[in-house]
Amino acid sequence: MRRQLGIRIGLVVVVVALAVWYLYPPAKTINLGLDLQGGIHLVLGVDVDKALEAQVERAGDTAKSELEKRGVGVTRAERRGTTELAIQLADQAAGRLVLALKPREAAHIRDLAVRQGLETIRNRIDQFGVSEPSIQQQGENRILVQLPGVQDPARAKALIGKTALLEFKLVDERTDAESALRSGPPPGSEILYQRRVDKQTREERKVPFLVQKKAAITGRDVATARVSIDQNTSEPYVSVDFNASGARAFSELTDANVGKRLAIVLDGNIHSAPQIRERIPSGRAQITGGFSTEEATDLAIVLRAGALPAPVQVLEERTVGPSLGADSIRQGMIAIFASTALVFLFMLIYYRLSGFIADVALGLNLLLLMATMAGFHATLTLPGIAGIALTIGMAVDTNILIFERIREELHAGKTVRGAIDAGFSRAFKTVIDTHVTVLVSGLILFQFGTGPVKGFAVTLMIGIAVSLFTAVFFTRLLFDLIYMGQRKRETLSI
């Protein structure tokens, strides 16, 4: 018996030591949610129709290329609506082909655009350095983003919402941009603009460029991007390294177009259009454009994370200030301490020494709950604090079930030791039933709930599991330590 008691004591010591280790220091181990430390809450809408249009246009380019390889002339291939593609054949007798996406394929592309957008946004935010962000899909075409601790919503929105479609397009030098503005661009070309700011007057003007519509290289060929500093001007720029296929294509492009200008286009805006002086075999390019360090950093992040498959727009935005979060923490902690103090006092008065044992177990319950949350990197929210308060009540309720059962056994004439043994063993089934029921409810809330509901469910489930350990295992251990070897004792402080 004594050997078994020693093993139980050792287990409790190990558990407490691990709890203290995981919890120290609390300021760094406990992740606070949006409602406690402030931050921004965004609901983004994904323009899934744009993903469909892009897919149809790519299919048009592929179909035109394949037909021309087989000797079939194509006048043009253009999109009609969102899901249809019209291909006009050069031979008028042949007429034209009209292709359309199947509804099932269109639905798949829409769903894929949302899921890819979610992962792209997650990658960008991870590189942005936000601790414990919440990013999840809502409905068919919405994404919920919660960024605790972020107090610059404008920069966060710009980082999340930037499409980051990087393209390298040759400048069309057959005619100048001004003539193209007056008479329209020739077939296969388009007019894009470069933003230039005068360093002295800070006046901004847009310079038109006539470029080829078809991109020679895109952001899909980018392996990595990083911020570098120009040694001459001390201005930051973004250095782009291509992957193997991109480096080969870039080398061939520069070799075949020495002397021509290559426009670097991001989201339809030209950042620079340098002249190709020689073949560039290194597979490296530079994006300049008068960036600030912050702008260059954000651009490098979105290029590394990849382009969004479809544009997103902010449908809902809420900003929670840190002062409001501090008030929530203070009021929540007051509620927890007040409820804990009242429960401690009640148990001491009503159950005396046994109540003191329950209070010690309750203190261990709170320690283990917070340590478990820290160990699993769970996020503490305001509803989570409510879950902790509820857990305190559940833990005490478990002790009350056991204590009342012990009282019944004492009234039935059993000895103190016999009443303790019978009280714990006979109350065990009821305790398990109540804990399993609450645990299942917590799992359902976690599975189907969002935001605050999930925060409540997390603390509730952890608290229930911990209270089962403290109320049954730890409380029983304390009773055994106090009353061990006192089988003839006739009174029990309960």
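Given the options Ser328, Ser292, Ser354, Ser339, name the one that is closer than 30 Å to Glu119 by Cβ and either in contact (Cβ under 8 Å) with a residue 24 or more places away in the chain or open to solvent by 50 Å² or more (accessible area, probe 1.4 Å) (or both).
Being closer than 30 Å to Glu119 by Cβ and either in contact (Cβ under 8 Å) with a residue 24 or more places away in the chain or open to solvent by 50 Å² or more (accessible area, probe 1.4 Å) (or both) holds for just one of Ser328, Ser292, Ser354, Ser339, which is Ser292.
Which one of Ile280, Ile270, Ile276 is open to solvent by 30 Å² or more (accessible area, probe 1.4 Å) and either at pLDDT 85 or above or farther than 30 Å from Val207 by Cα (or both)?
Ile280
Take residues that are out of contact with any helix residue (DSSP H, G or I) (no Cβ under 8 Å at 6 or more places or on another chain) and buried (at least 18 other Cβ atoms within 10 Å of the Cβ) and tell me which of the strands (runs of 3 or more DSSP E) falling wholly in the range 113-170 contain 1 or more.
142-148, 166-170
Among Leu369, Leu308, Leu380, which is touching a Gly at 6+ places or on another chain (Cβ under 9 Å), under 30 Å from Gln55 (Cβ atoms) and touching a residue at least 40 places away in the same chain (Cβ under 8 Å)?
Being touching a Gly at 6+ places or on another chain (Cβ under 9 Å), under 30 Å from Gln55 (Cβ atoms) and touching a residue at least 40 places away in the same chain (Cβ under 8 Å) holds for just one of Leu369, Leu308, Leu380, which is Leu308.
Looking at the range 405-434, I want the residues that are touching a residue at least 12 places away in the same chain (Cβ under 8 Å) and under 19 Å from Ala395 (Cβ atoms) and have a partner that is among the β-branched types (Val, Ile, Thr) and surrounded by fewer than 16 Cβ atoms within 10 Å (Cβ to Cβ) with Cβ atoms under 9 Å, at least 6 apart or on another chain. Which pairs are those?
Arg405/Thr430
Going by the conditions given, is Ala215 in contact (Cβ under 8 Å) with a residue 12 or more places away in the chain and either out of contact with any strand residue (DSSP E or B) (no Cβ under 9 Å at 6 or more places or on another chain) or assigned to a strand (DSSP E or B) (or both)? Explain how you work it out, then say what you get.
Details: in contact (Cβ under 8 Å) with a residue 12 or more places away in the chain: yes; either out of contact with any strand residue (DSSP E or B) (no Cβ under 9 Å at 6 or more places or on another chain) or assigned to a strand (DSSP E or B) (or both): no.
No, not satisfied.
I'd like to check something: does the range 51-72 contain any residue that is surrounded by 12 or more Cβ atoms within 10 Å (Cβ to Cβ), within 28 Å of Gly455 (Cα to Cα) and touching a residue at least 60 places away in the same chain (Cβ under 8 Å)?
no
Only one of (1) modelled with pLDDT of 80 or more; (2) within 30 Å of Glu294 (Cβ to Cβ); (3) not in a strand (DSSP E or B) is not met by Arg104, so which one is it?
Just one mismatch for Arg104, condition (2).
The values are calculated or read from the model by the stated rules, or taken from the named source; none is laboratory data. Everything numeric in this text was worked out from a predicted model, so none of it was measured. Every residue, glycine among them, receives a Cβ derived from its backbone with ideal geometry; neighbour counts consider all protein chains shown. For the accessible areas, the whole protein counts, side chains as well, though only heavy atoms, and no ligand, DNA or RNA atoms are used. Shrake-Rupley method; radii C 1.70, N 1.55, O 1.52, S 1.80 Å.
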